[in-house]
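Student: Sharing a structure here in structure tokens format.
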Amino acid sequence: MPERTPLPADDPDPDPDSTRTRTPFLLAGPHLGVRPFTYADGPEFTALARESRALHRPWLAPPLTEEAYAEYAGRLIEDPARAGFLLCARESGRIAGFVNVNNIVAGAFRNGALGYGVFAHAAGRGLMREGLGHVVRYVFGPALDLHRLEINVQPGNTASIALARRCGFRFEGFSPDFLYVDGAWRDHERWAMTRELLARHDRRRDDVT
């Protein structure tokens, strides 16, 4: 389970900007801390998004300008049906990626839809598996009290599907013409996690280790 407070560890991505103002982490693990989006993150986030355009195309389109970021972050900060989390190197605080929870439904469903991305400087190092795991556990806890999370991903996005599988998400089906993306209705695979499934996944992992 992730630690609730940052502890000393090797930083996976030292940041030359040692003067940055640190927003406290909601929780932290071996390499990453998780914190909410803030409006002040615009310059860093958009610079990383521009550097990562080749990596993100055609699956992601994070904001590339500070004006677009202000609108994007504002929805995550202000809309109770959304929540956004930045994944940051635990020592330096440099942003490595992000996980958003959209379409949050309370009541008997207690469900949210996940979107996520890693920036180019942090890609290919297994950090998204750690970060997504932290966020899943956080939103299943008292902060959001969700019971189910879904990932809807286009079949060609093999990296995202592999991440969902590694994190223990269950394949629930294929839906043609499911979501309107980039000017057309796109087919999607549906993956999901529940609290019960997460508990079973953690038990299997503990048995292996």
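The values are calculated or read from the model by the stated rules, or taken from the named source; none is laboratory data. Given the structure is predicted, the values throughout are model-derived calculations rather than measurements. All Cβ positions, glycine included, derive from the backbone under ideal geometry; neighbour counts span all protein chains shown.
Student: Being under 21 Å from Leu127 (Cβ atoms) and either assigned to a helix (DSSP H, G or I) or at pLDDT below 95 (or both) narrows it down to one residue among Leu87, Leu60; which is it? Steps first, answer last, please.
Tutor: On the way: Leu87 fails: either assigned to a helix (DSSP H, G or I) or at pLDDT below 95 (or both).
The unique qualifying residue is Leu60.
Student: In addition: Taking the stated definitions as given, is Arg90 surrounded by fewer than 18 Cβ atoms within 10 Å (Cβ to Cβ) and of a type in the set (Lys, Arg)?
Tutor: So Arg90 does not fit the description; no.
Student: Something else: Have a look at Leu149, Leu132, Leu144 and point out the one that is assigned to a loop (DSSP other than H, G, I, E, B) and within 17 Å of the chain's Cα centre (by Cα). Quick ask: steps written out before the conclusion?
Tutor: Numbers: Leu149 fails: assigned to a loop (DSSP other than H, G, I, E, B); Leu132 fails: assigned to a loop (DSSP other than H, G, I, E, B).
After ruling out the rest, the residue left standing is Leu144.
Student: Given the criterion in contact with a helix residue (DSSP H, G or I) (Cβ under 9 Å, 6 or more places away or on another chain) and either among the aliphatic types (A, V, I, L, M) or under 24 Å from Ala40 (Cβ atoms) (or both), identify the matching residue among Leu146, Leu127. Give the derivation first.
Tutor: Details: Leu127 fails: in contact with a helix residue (DSSP H, G or I) (Cβ under 9 Å, 6 or more places away or on another chain).
When all the criteria are applied, what remains is Leu146.
Student: Then there's this: How many residues are buried (at least 22 other Cβ atoms within 10 Å of the Cβ) and in contact with a Pro (Cβ under 7 Å, 6 or more places away or on another chain) if we restrict to segment 131-164?
Tutor: Looking only at that region, the number is 1.
Student: Something else now. Please tell me if Asn111 is on the phi > 0 side of the Ramachandran plot and among the polar types (S, T, N, Q).
Tutor: Considered against the rule, which asks whether it is on the phi > 0 side of the Ramachandran plot and among the polar types (S, T, N, Q), Asn111 comes out as no.
Student: I need every pair where a residue in segment 138-159 that is modelled with pLDDT of 95 or more has its Cβ under 8 Å from the Cβ of a residue that is surrounded by 20 or more Cβ atoms within 10 Å (Cβ to Cβ) and of a type in the set (Ser, Thr, Tyr), sequence separation at least 6 or different chains.
Tutor: Leu144/Tyr138; Ile151/Ser160; Val153/Ser160
Student: List pairs: first in segment 73-90 and in contact (Cβ under 8 Å) with a residue 60 or more places away in the chain, second basic (Lys, Arg) and not in a loop (DSSP other than H, G, I, E, B), Cβ under 8 Å, 6+ apart or cross-chain?
Tutor: As it stands, the answer is Cys88/Arg35, since those pairs meet every condition given.
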